[in-house]
Amino acid sequence: MKEFKVFVADKPGELARVTEALAGAAVNIRAIASEAKHDNSFLRGVTSDVTTTEKALSLAGMKFELNDILALDLLDRPGELAKVSKRLARAGINVHSIYILGSKNGRTEIALVVDN
């Protein structure tokens with residue numbers, strides 16, 4: 001599993017441009033987030049198919065970075081993410097991004113992009 005960091009302009013239509021490129025390639029988006037800073041805006045996303053996502057974004061002329069993801073399956077109850085976060089902090093590991101990928105049967109799947 002990989003995180004795509006897709007660089008976009010801070011203007012209307014950029015989300016549509018990215019999501020339409022993925023939809024056209026039949027790629028399912030599992031998680032998505034954005035950060036808008038006038039000179040450095042981007043979308044972060046996790047998809048169902050890394051190879052097809054790479055091709056779709058490249059064909060659309062979009063610049064992106066790929067980051068490895070640490071996927072974890074946690075009990076769906078208060079404090080579980082706090083335990084993981086504390087362990088990472090103690091180990092000096094910085095978290096760059098985090099996603100909830102889904103919850104089912106008392107479990108929550110999360111994805112983390114970390115520096116180490």
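Quick notes on this one:
- Matching entry among 71, 56, 26 (being small (Gly, Ala, Ser), touching a residue at least 40 places away in the same chain (Cβ under 8 Å) and either surrounded by 14 or more Cβ atoms within 10 Å (Cβ to Cβ) or outside any helix (DSSP H, G or I) (or both)): 71
- Of all the residues in region 1-20, those that are open to solvent by less than 60 Å² (accessible area, probe 1.4 Å), touching a Ser or Thr at 6+ places or on another chain (Cβ under 9 Å) and not in a loop (DSSP other than H, G, I, E, B) number 5.
- Residue match in region 91-105 (condition: surrounded by fewer than 14 Cβ atoms within 10 Å (Cβ to Cβ) and of a type in the set (D, E, K, R)): yes
- Restricted to region 35-53, and to residues there that are surrounded by 17 or more Cβ atoms within 10 Å (Cβ to Cβ) and of a type outside the set (A, V, I, L, M), the residue that is farthest from residue 24 (Cα to Cα) is 42.
- Test result for residue 31, part of a strand (DSSP E or B), surrounded by fewer than 16 Cβ atoms within 10 Å (Cβ to Cβ) and in contact (Cβ under 8 Å) with a residue 12 or more places away in the chain: no
The values are calculated or read from the model by the stated rules, or taken from the named source; none is laboratory data. For clarity, every value in this text was computed on a predicted model and none was experimentally measured. When we count neighbours, we look across all protein chains shown, and the Cβ atoms used for this are built from the backbone with ideal geometry, even at glycine. Just so you know, the surface numbers come from the protein's heavy atoms only, side chains and all, with ligands and any DNA or RNA stripped out. Shrake-Rupley method; radii C 1.70, N 1.55, O 1.52, S 1.80 Å.
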